[in-house]
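J.: Pasting a structure below so you can have a look.
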Amino acid sequence: MLKNSTTAQTKNEMDIQLVEAHNHRFNADEQAIATFKDHFIAGLGTIDKNCPIQLWDEFIEQAQDTLNMLHTSQHDNSLSAYDDLEGPFDFNKTPIAPLGTKALIYDNPKVRNTFAPHGTDVFYVGPAKLHYRNMRFFDPLTRGFHTSGSVKLYPTHCKVPTLSEDDRTLLTAHDLLRTLRLAPPPTAEEKLKYCDAIEHLTRIIKNIPAPRVDNTGEPRVNTPSTSNNTTSPAFLQAQPRVHL
């Protein structure tokens, strides 16, 4: 009786085998794990080369949140999965940065020594959700974690975008044009000057540079973005060990 039951169970398991072995396309759990793995590896590609590998577990929370921000909610297609689970994400309230980025946090005079530096070199590990406009950092010297809002980030593989001189000129022209249109001049002579200013500002807005504008302004990104193969054995062997 037991043998017949086992044979029937084995036959039923064979009947529900819809795809070949090692094919996980129809397994939702396997697909979710593979998606998170790819997203996590992509985040590790831009960490600082001196960031300890023992901090990778601290990156999971932000990696999960950013992945949910990119994923559409199954209950409402107009929302992301993060909005459906946690509510709208406010970057001004909870700022985030590239994981593993080297940073310099400000040390308050009340807690630092007399001739001590005013900042501490740390690595960014994730947001501080229980604090306002703060982030979490790891100090490799003390092997402790800090929460700070006064920070300067130093990305290794990319530069923070900056405004060029042309961009600043366009923004200033827009502000001046909006201000001039709100206050028309009363006299004819001032109206002629007003028209010349409007024409000059219009030429700037239409990307016709004025003679005083220097076209050799600072580029938006100083250097091209790069990445590291942080999961390769050679890279892992060269990483510093801090939790011994």
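This table checks each residue for (1) of a type outside the set (D, E, K, R); (2) touching a His at 6+ places or on another chain (Cβ under 9 Å); (3) surrounded by 14 or more Cβ atoms within 10 Å (Cβ to Cβ); (4) assigned to a loop (DSSP other than H, G, I, E, B).
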site	(1), (2), (3), (4)
ASN77	yes, no, no, yes
LYS93	no, no, no, yes
ILE96	yes, no, yes, yes
ASN108	yes, no, no, yes
HIS131	yes, no, yes, yes
THR142	yes, no, no, yes
PHE145	yes, no, yes, no
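J.: Take the conditions outside any strand (DSSP E or B), charged (D, E, K, R), within 30 Å of GLN239 (Cβ to Cβ) and at pLDDT below 85 and apply them to GLU30. Does it pass? Steps first, please.
T.: Numbers: outside any strand (DSSP E or B): yes; charged (D, E, K, R): yes; within 30 Å of GLN239 (Cβ to Cβ): yes; at pLDDT below 85: yes.
For GLU30, the condition - outside any strand (DSSP E or B), charged (D, E, K, R), within 30 Å of GLN239 (Cβ to Cβ) and at pLDDT below 85 - is met.
J.: Answer yes or no as to whether PRO88 is in a loop (DSSP other than H, G, I, E, B) and surrounded by 13 or more Cβ atoms within 10 Å (Cβ to Cβ). Quick ask: steps written out before the conclusion?
T.: Working: in a loop (DSSP other than H, G, I, E, B): yes; surrounded by 13 or more Cβ atoms within 10 Å (Cβ to Cβ): no.
The answer is no for PRO88.
The values are calculated or read from the model by the stated rules, or taken from the named source; none is laboratory data. This structure is a prediction, so every number in the text was calculated from the model and none was measured. Note that each Cβ is placed from the backbone with ideal geometry, even for glycine, and that neighbours are counted across all protein chains shown.
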